[in-house]
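The values are calculated or read from the model by the stated rules, or taken from the named source; none is laboratory data. Everything quoted here is computed from the prediction, not taken from an experiment. With ideal geometry, Cβ positions are generated from the backbone for all residues, glycine too; neighbour counts draw on all protein chains shown. Heavy atoms of the whole protein, side chains included, go into the accessibility calculation; ligands, DNA and RNA do not. Shrake-Rupley method; radii C 1.70, N 1.55, O 1.52, S 1.80 Å.
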Amino acid sequence: MTGISVRQAVIAEEETVARLLATVFDELPLHSWLVPVRERHPAIFPHFFRILVGHALRHGTVHVTDDLRAAAVWLPEPAPAIEGYDALLSAACQEHVGRFHELDEAMERAHPTGLGDYEHLAFLVVHPDLQGNGIGSRLLRLHHETLDRAGRPSYLEATSPASRQLYLRHGYTDLGEPLALPFDPAAMYPLWRPVHGTE
């Protein structure tokens, strides 16, 4: 797809980006494990994602298309802690907060150690109506170019075999075993992208 305009999101778009994440990820088995009752998803996931998107808007990089139907959410690692995170998470996730903490702990165990500072791709989403048009790849290339110029590697957790294949095509390699989660021992795949040479 040509003519896609990509820019940095602004604070006022925090809720819109959070709702996009909640919409795109709602079919993931991970979400059904986090919140087993599907009817509860709209009351929880937009608020959960707003915590993370807001943090990235203040301390990282959030790229969006002009129509706000695709986004890439990046955070530097190490990143500042989210102030009052436990209280915010409890308010957002309510009776399901225990499983969100369990996910946080699994992801923390998978994060690279001993490799220096890096950039973490927390989320890459494209609205289902626009998938398959190269928008996700464009968002990836945009920030990869910046990271390569700065000499910074990147890390992410792919949430499906299909998304893992996308990232492998963009220079990522597997980093350790898939995250061990109770509902599926291969639900998320930690991946690492070293700095690529620039001309």
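Overview of results
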| item | result |
| --- | --- |
| Net charge over other residues, Cβ less than 13 angstrom from the Cβ of residue 162 (K, R count +1; D, E count -1) | +1 |
| Heavy atoms of residue 143 accessible to a 1.4 Å probe, total area in Å² rounded to 10 | 10 Å² |
| Positive minus negative residues near residue 101 (Lys, Arg vs Asp, Glu; Cβ under 12 Å) | -4 |
| Amide H contacts of residue 111 (H built 1.01 Å from N, under 5 Å, at least 5 apart or other chain) | none |
| For region 91-119 versus region 130-199, the gap between their alpha-carbon centres in whole angstrom | 17 Å |
| Rounded if a/c under 1.5, otherwise prolate or oblate - region 86-153, Cα gyration tensor axes | oblate |
| Selection from 153, 178, 190, by position along the positive dipole direction of the chain (Cβ) | 153 |
| Highest-first arrangement of 70-83, 36-49, where packing means the average Cβ count within 10 Å | 70-83, 36-49 |
| Computed helical MRE - 222 nm, the chain, DSSP H runs ≥ 4 contributing -39500 (n - 2.57), nearest 500 | -13000 deg cm²/dmol |
| √(5λ) per eigenvalue of the Cα gyration tensor, region 82-199, largest first, Å | 26, 18, 16 |
| Summed side-chain charge close to residue 172 - residues other than residue 172 whose Cβ falls under 15 Å, Lys, Arg +1, Asp, Glu -1 | +1 |
| Cα shape, the chain, gyration tensor, a/c 1.5 rule | rounded |
| Heavy-atom SASA rank of 85, 172 (probe 1.4 Å, accessible area, largest first) | 85, 172 |
| About the Cα centre, charge dipole magnitude for region 1-116 (Lys/Arg +1, Asp/Glu -1 at Cβ), debye | 180 debye |
| Kyte-Doolittle at least -0.5, axis length at least 15 Å by Cα - qualifying DSSP helices, the chain | 14-24, 41-59, 135-150 |
| Exposure of residue 117 as accessible area (Å², to 10), given a probe of 1.4 Å and all protein chains | 90 Å² |
| 5 angstrom amide H check on residue 160, placed H, neighbours 5+ away | 189 |
